[in-house]
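The values are calculated or read from the model by the stated rules, or taken from the named source; none is laboratory data. Predicted model only: the values in this text are computed from it and were never measured. Glycine gets a Cβ as well: all are built from the backbone with ideal geometry, and neighbour counts include every protein chain shown.
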């Protein structure tokens, strides 16, 4: 069974765009999804996002701090490093990336970190 997710949040870094050996585009990024507050502090869940093809090109047009909506399947990657330490990373393999600036332009932040004007 495959788990699907839709996440709405801010990119934590500029997307990194790459090409496969066959010349197909793919991109990675991180997204911070706010979960509310706990003990007076904001709770945030971070996800790694991997996108391929046109979806990677769409993701690549965004920058750190941009609001995006990402949907896709969850994939848990597990590995051991050279020292034998176990690692896990939960990734979203994107099947859609939507720009939140067209959905919520009043909440869009400018690249210099100041709130945009309506």
Within the stretch 1-11, is even one residue in contact with a strand residue (DSSP E or B) (Cβ under 8 Å, 6 or more places away or on another chain) and part of a loop (DSSP other than H, G, I, E, B)? yes
Those residues of the stretch 18-50 which are farther than 17 Å from residue 98 by Cα, in contact with a helix residue (DSSP H, G or I) (Cβ under 7 Å, 6 or more places away or on another chain) and part of a strand (DSSP E or B) amount to 25
Is the stretch 35-42 home to any residue that is modelled with pLDDT of 90 or more and exposed (fewer than 14 other Cβ atoms within 10 Å of the Cβ)? no
From the option list 112, 107, 86, single residue qualifying as over 17 Å from the mean Cα position of the chain (by Cα), at pLDDT 95 or above and at negative phi is 86
Scanning for something farther than 18 Å from residue 12 by Cα, at pLDDT 90 or above and not in a strand (DSSP E or B), does the stretch 56-78 turn up at least one residue? no
Can you tell me which residue in the stretch 89-104 is modelled with the highest pLDDT, limited to those that are outside any strand (DSSP E or B) and surrounded by 13 or more Cβ atoms within 10 Å (Cβ to Cβ)? 100
